[in-house]
1. Going by average Cβ neighbours within 10 Å, how do the peptides 124-132, 20-28 rank, with the highest at the top?
2. Could you work out how far apart the two model spin labels at Asn27 and Lys193 are, taking each label as a point 7 Å from the Cα in the direction of the beta carbon, and quote it in nm?
3. Identify, among Leu22, Val66, Leu82, the residue whose Cα sits farthest towards the positive end of the charge dipole of the stretch 10-114, taking +1 on the Cβ of Lys and Arg and -1 on the Cβ of Asp and Glu, with the dipole about the Cα centre.
4. Spin-label point model (7 Å from Cα, Cβ direction): what's the Ala39 to Ser160 distance in nm?
5. Multiply the residue separation of His75 and Asp62 by 0.36 nm, subtract the distance between their alpha-carbon atoms, and state the gained length in nm to one decimal.
Amino acid sequence: MEEREFESIDAHAGDSGVRQRLRQCDNAQLKKEFESLVAEHRAPLRAMVRARIEPRLRRRIDASDVVQEALLAAHRRLDQFLNQPAIPFAAWLRRMTLERLIDLRRRHYAARRSVLVEVGVSDGSAMTLAKTIGYQGNQDATDRRNESIDKVRTAVQRLSSADQQILLLRYVDRLSNVESADVLGVTSAAASKRHVRALLRLSEMLNGRS
């Protein structure tokens, strides 16, 4: 079954229990326990990555590979999670996965001597953001529809990386403000302000006021 780009993770379910289970493991048990815990998160993480891969990178960056590499890194850095009780397990996994994706994007664009783009936008993500701000664009013909998607993608990529991330987390990944703040490592108040600012900025650009 195809995974939806906006499938979400319950970021606050049983995090104290997760830490307890991991702390009780010896070295031989730890990998098996970790694999058991992350199993339910793999599909939503892949969907999150796909939502951030624009068409030009689809053949170069595979969502499953990104998630697998991120989870391997997460396993190596479990102490980081165990020593940060404020961050939910799901948010930490999202953060690790986004860091891995950004690293891969940096390598790709550096190799091509292109402008660095840390956050990508898939066609589906562009359409979701367009609907969020009421931007219709051209929907009649395929060429015109693609032109509208490209316009939205260009506008999103003119935003700061922080503004792009908050919009994708809120409207594509469908996370709450608190969950988005956990992923970004900021306060809920800061995430809320960033969200309003980014939404206004994107609306202004797409409606020709910027």
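Taken together, the values in this text are just the output of simple stated rules run on the coordinates, not laboratory data. In this text the structure is predicted, and so the values were computed from the model without any measurement. Neighbour counts are summed over all protein chains in view; Cβ atoms, including those assigned to glycine, are modelled from backbone coordinates with ideal geometry.
1. Working: 124-132: 20.1, 20-28: 10.9.
Order by mean packing, descending: 124-132, 20-28.
2. A separation of 4.7 nm, rounded to one decimal place.
3. In the stretch 10-114, that residue is Val66.
4. 4.2
5. Numbers: separation 13, 0.36 × 13 = 4.68 nm, distance 2.02 nm.
Contour length minus the Cα-Cα distance gives 2.7 nm.
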